[in-house]
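What follows is a set of notes on a single structure, which appears directly below.
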There are 2 protein chains.
Amino acid sequence: MKESVKMKIELGDRAIAVGVLGFGGLGQAAARVLEGKREMRLVAAADREGFAFAGDGLEVDACITAYRDRGSLGHLDAGSLSGNSIQDLVGKAKVDGYFLALPNLPNTFMADVAEQFIQSGWRGVLVDALKRTSAVEQLLALQDKLQAAGITYMTGCGATPGLLTAAAAIAAQSYAEIHSVNITFGVGIANWEAYRATIREDIAHIPGYDVDKAKAMSDAEVETFLDKTNGILKLENMEHADDIMLELAGICPRDRVTVGGVVDTRNPKKPLSTNVQVTGRTFEGKISTHTFTLGDETSMAANVCGPAFGYLKTGIALHRRGLYGLFTAAEVMPQFVR
Amino acid sequence: MKESVKMKIELGDRAIAVGVLGFGGLGQAAARVLEGKREMRLVAAADREGFAFAGDGLEVDACITAYRDRGSLGHLDAGSLSGNSIQDLVGKAKVDGYFLALPNLPNTFMADVAEQFIQSGWRGVLVDALKRTSAVEQLLALQDKLQAAGITYMTGCGATPGLLTAAAAIAAQSYAEIHSVNITFGVGIANWEAYRATIREDIAHIPGYDVDKAKAMSDAEVETFLDKTNGILKLENMEHADDIMLELAGICPRDRVTVGGVVDTRNPKKPLSTNVQVTGRTFEGKISTHTFTLGDETSMAANVCGPAFGYLKTGIALHRRGLYGLFTAAEVMPQFVR
């Protein structure tokens, strides 16, 4: 296969050295995704209590076992226990780009971590799969600092926002004006316990709950909550950063973007097919709708981690051209990571 | 609405000065699309027998009337008749970017025009909506010359290749490996005479025909041909540049990409919904298919011209950053033109 025409990264023989921050369900899935890649290598990972680093690559099985059985990556031979695991890792590891597979709660978490990177003097690419509009707003406020620090920060690069936002940005091209962008997701997970943070983030969107209240729930309380709904979470008019990302890309005002979905916490089968519908008016005055639908067999992990590393690769290309600061998934094309 | 975070073009108050080369059905539609844009202005246009240029903008109605009733834009007050209309226009007009709304036949046409631009010393952005793989291969051979000339050339930026190729590149992100990309288009046009060149390009894909044979057909011969199929053109395994574009973007080998469709030349209603299906294997080993489907009410003109100008805007941003050479629609994100 020929190489990309023009935006390709001049990698030489070296794989991109990747770090994963956060080692819950999403971080572990990210590590598994990287196992299949020639162009990227997992060299660093951190959880709340420690971190591990190995320039020639971490063994994913060992990482997952250490985290699951002993509570932290810090127990690995290549690991260290630390109460400031991110800061300590960043100071020590040689990493081209980090995937922030961190909980979205508290809502200031991504911006706080970005600030830590800015303070550290590290230069490279950060990519997140955050969800909320307000979290992107906090990062926007760091735009100048990120640029000055030589950090290329790719935000909203998961499934939604991310994959579906990018598809909406493409779909918008047929229209003179965009009337609405409607994102509806279906998620099925057999064991919500593997996605403790994610489920609390979802509950925070339910009327009567907010971020603080959801975060404070014990596992037993979450269990009780889910018992009442037969394990189903139905979410409407969610605060989702797809709206600000499409607004920033000049596609439509944010109030034309809506996000909702159904999460089944007791069944791996999706309760509905995740899709985005983009409705607009063509230059001839016709109203129509383009639809992008994800295959039901693709997991949340595949639809989040795939795009995240695709945008990380694009971020590396931008960084090597001296383009720093904040980018969203709706602004640049993700590259395919082999 | 806020401005784009980072890749925005620093336009100041000036609209992008756009030229349209070719003024058949596609060129005229392109002019109409530009009428609705604040960020772009049609300042130049050329047909086979002449050209017109006006720095403060051409009147689209007058252009279409002159072409239809008198045979060339050269008859306009702002026009000149010329047997070398492209060359003469490029030497004279101040244009930021040209949309090459030219026939794909002969198959070397785009590369020949690109050579003319390279020779002329003009620097700026070119965008095409070409169709065939071999036409992209000819442009690839010009990569170094385009770069040296300071030309940013965006190729395959119509509907397919273009909009659907970009959607496929996004969709691919969920997968570790892509098994197939299947593009199926439906086109309905009430009067094929308005798209004489396009219809001949389609006929050239029919078994028993080729580019030369199709191009040599008289209108009466096309009419007779269409009478036999009740106005329907069914196309399979077409030579379409989506394949090389996805290969160049590193997504899959070109032989995994297939393009086919149905064109109804006697009915504005599409015989089927245009769509692209991307099938792959996720990192967990699941096989699945993402589908991107265009709304039936969107015309070929809307799905070609919208993306073409979206990529032209991206091309302007690349050009202003000193990024010259050949780019495809699968490599960079089109921007939304307001």
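The values are calculated or read from the model by the stated rules, or taken from the named source; none is laboratory data. Here the structure is a predicted model, which means the values were calculated and not measured. A quick note on method: Cβ atoms are made from the backbone with ideal geometry, for glycine too, and the neighbour counts reach across all protein chains shown. Note: areas computed on protein heavy atoms with side chains; ligands, DNA, RNA excluded. Shrake-Rupley method; radii C 1.70, N 1.55, O 1.52, S 1.80 Å.
So, B:GLY74, is that one more than 16 Å from the chain's Cα centre (by Cα), open to solvent by 20 Å² or more (accessible area, probe 1.4 Å) and of a type outside the set (D, E, K, R) or not? In short, no.
For segment A:185-206, filtering for residues that are touching a strand residue (DSSP E or B) at 6+ places or on another chain (Cβ under 6 Å) and either modelled with pLDDT of 90 or more or in a loop (DSSP other than H, G, I, E, B) (or both) leaves 3.
With the condition being modelled with pLDDT of 95 or more and of a type in the set (A, V, I, L, M), I'd like the strands (runs of 3 or more DSSP E) fully within segment A:224-296 carrying at least 2 qualifying residues. If you could, list the steps in order and put the result at the bottom.
Details: elements: A:232-235, A:257-264, A:275-281, A:287-293.
By residue number, A:257-264, A:275-281.
In segment A:302-313, is there at least one residue being under 11 Å from the mean Cα position of the chain (by Cα) and open to solvent by 10 Å² or more (accessible area, probe 1.4 Å)? Yes, the conditions are met somewhere in segment A:302-313.
Please go through segment B:15-38 and pick out each residue that is out of contact with any strand residue (DSSP E or B) (no Cβ under 6 Å at 6 or more places or on another chain) and either modelled with pLDDT of 95 or more or open to solvent by 40 Å² or more (accessible area, probe 1.4 Å) (or both).
If we filter segment B:15-38 for residues that are out of contact with any strand residue (DSSP E or B) (no Cβ under 6 Å at 6 or more places or on another chain), which is where we start, we get B:22, B:24-26, B:28-29, B:32-33, B:35-38.
Listed by number, the residues that qualify are B:GLY22, B:LEU26, B:GLN28, B:ALA29, B:ARG32, B:VAL33, B:GLU35, B:GLY36, B:LYS37, B:ARG38.
For segment B:249-269, filtered to residues that are touching a strand residue (DSSP E or B) at 6+ places or on another chain (Cβ under 6 Å) and within 14 Å of chain A (Cβ to nearest Cβ), the residue that is nearest to B:VAL136 (Cα to Cα) is B:VAL257.
Would segment B:233-241 turn up any residue that is open to solvent by 10 Å² or more (accessible area, probe 1.4 Å) and facing chain A (nearest Cβ under 10 Å)? No, segment B:233-241 contains no residue that is open to solvent by 10 Å² or more (accessible area, probe 1.4 Å) and facing chain A (nearest Cβ under 10 Å).
For A:ALA168, the criteria (1) of a type outside the set (Asp, Glu); (2) within 18 Å of the chain's Cα centre (by Cα); (3) over 30 Å from B:LEU34 (Cβ atoms) hold in every case but one, which is (3).
Could you count how many residues in segment A:301-338 are touching a Gly at 6+ places or on another chain (Cβ under 7 Å), facing chain B (nearest Cβ under 7 Å) and part of a helix (DSSP H, G or I)? Residues in segment A:301-338 being touching a Gly at 6+ places or on another chain (Cβ under 7 Å), facing chain B (nearest Cβ under 7 Å) and part of a helix (DSSP H, G or I): 1 in total. Here B:LYS131 clears all of (1) open to solvent by 30 Å² or more (accessible area, probe 1.4 Å); (2) farther than 25 Å from B:PRO334 by Cβ except the condition numbered (2). Of all residues assigned to segment B:282-289, none qualifies as being in contact with a Phe, Trp or Tyr (Cβ under 6 Å, 6 or more places away or on another chain), within 14 Å of chain A (Cβ to nearest Cβ) and free of Cβ contacts under 8 Å to residues at least 40 places away in the same chain.
Out of B:ASP56, B:ASP69, which single residue is over 26 Å from B:ASP242 (Cβ atoms), open to solvent by 30 Å² or more (accessible area, probe 1.4 Å) and assigned to a loop (DSSP other than H, G, I, E, B)?
Of B:ASP56, B:ASP69, the one residue that is over 26 Å from B:ASP242 (Cβ atoms), open to solvent by 30 Å² or more (accessible area, probe 1.4 Å) and assigned to a loop (DSSP other than H, G, I, E, B) is B:ASP56.
Entry remark, segment B:87-101: residues being out of contact with any Leu (no Cβ under 6 Å at 6 or more places or on another chain) and open to solvent by less than 60 Å² (accessible area, probe 1.4 Å) number 6 in total.
Consider B:ARG123 carefully, then state whether it is within 27 Å of B:HIS290 (Cβ to Cβ) and away from chain A (no Cβ under 12 Å). Walk me through it before giving the result.
Values: within 27 Å of B:HIS290 (Cβ to Cβ): no; away from chain A (no Cβ under 12 Å): yes.
For B:ARG123, the condition - within 27 Å of B:HIS290 (Cβ to Cβ) and away from chain A (no Cβ under 12 Å) - is not met.
Has segment A:25-45 got any residue that is in a loop (DSSP other than H, G, I, E, B) and away from chain B (no Cβ under 14 Å)? Looking for residues that are in a loop (DSSP other than H, G, I, E, B) and away from chain B (no Cβ under 14 Å), one finds none in segment A:25-45, hence no.
So which residues in segment B:72-87 are in a helix (DSSP H, G or I) and over 20 Å from B:ILE118 (Cβ atoms), if there are any at all? Talk me through it step by step, then tell me what you get.
Start the filter on segment B:72-87 by keeping residues that are in a helix (DSSP H, G or I), which leaves B:73-75, B:85-87.
B:LEU73, B:GLY74, B:HIS75, listed by residue number.
The lone criterion from (1) in contact with a strand residue (DSSP E or B) (Cβ under 7 Å, 6 or more places away or on another chain); (2) at the interface with another protein chain (Cβ under 7 Å from one of its Cβ atoms); (3) of a type outside the set (Gly, Ala, Ser); (4) surrounded by fewer than 20 Cβ atoms within 10 Å (Cβ to Cβ) left unmet by B:LEU272 is number (2).
Condition first: buried (at least 17 other Cβ atoms within 10 Å of the Cβ) and of a type outside the set (Phe, Trp, Tyr). Now tell me which residues in segment A:148-159 satisfy that. Show your work before the answer.
Narrowing segment A:148-159 to residues buried (at least 17 other Cβ atoms within 10 Å of the Cβ): A:149, A:151-159.
The answer is A:ALA149, A:ILE151, A:THR152, A:MET154, A:THR155, A:GLY156, A:CYS157, A:GLY158, A:ALA159.
Residue count for segment A:169-181 satisfying the condition of being within 10 Å of chain B (Cβ to nearest Cβ) and either in contact with an Asp or Glu (Cβ under 9 Å, 6 or more places away or on another chain) or aliphatic (A, V, I, L, M) (or both): 6.
Keeping to segment B:167-184, report how many residues are part of a helix (DSSP H, G or I), more than 27 Å from B:GLN28 (Cβ to Cβ) and among the small types (Gly, Ala, Ser). Reasoning before the result, please.
Of all residues in segment B:167-184, those part of a helix (DSSP H, G or I) come to B:167-174.
Going one step further and asking which of them are more than 27 Å from B:GLN28 (Cβ to Cβ), we end up with B:168-174.
Among the residues that remain, those that are also among the small types (Gly, Ala, Ser) are: B:168-169, B:171-172, B:174.
Final tally of qualifying residues: 5.
Report yes if A:ALA172 is among the small types (Gly, Ala, Ser), at pLDDT 90 or above and in contact with a Phe, Trp or Tyr (Cβ under 7 Å, 6 or more places away or on another chain), otherwise no. Spell out how you get there, then give the answer.
Values: among the small types (Gly, Ala, Ser): yes; at pLDDT 90 or above: yes; in contact with a Phe, Trp or Tyr (Cβ under 7 Å, 6 or more places away or on another chain): yes.
Judged against the criteria, A:ALA172 is a match.
Residues that are charged (D, E, K, R) and under 30 Å from A:ALA329 (Cβ atoms) within segment B:173-198 comprise just one, B:GLU177.
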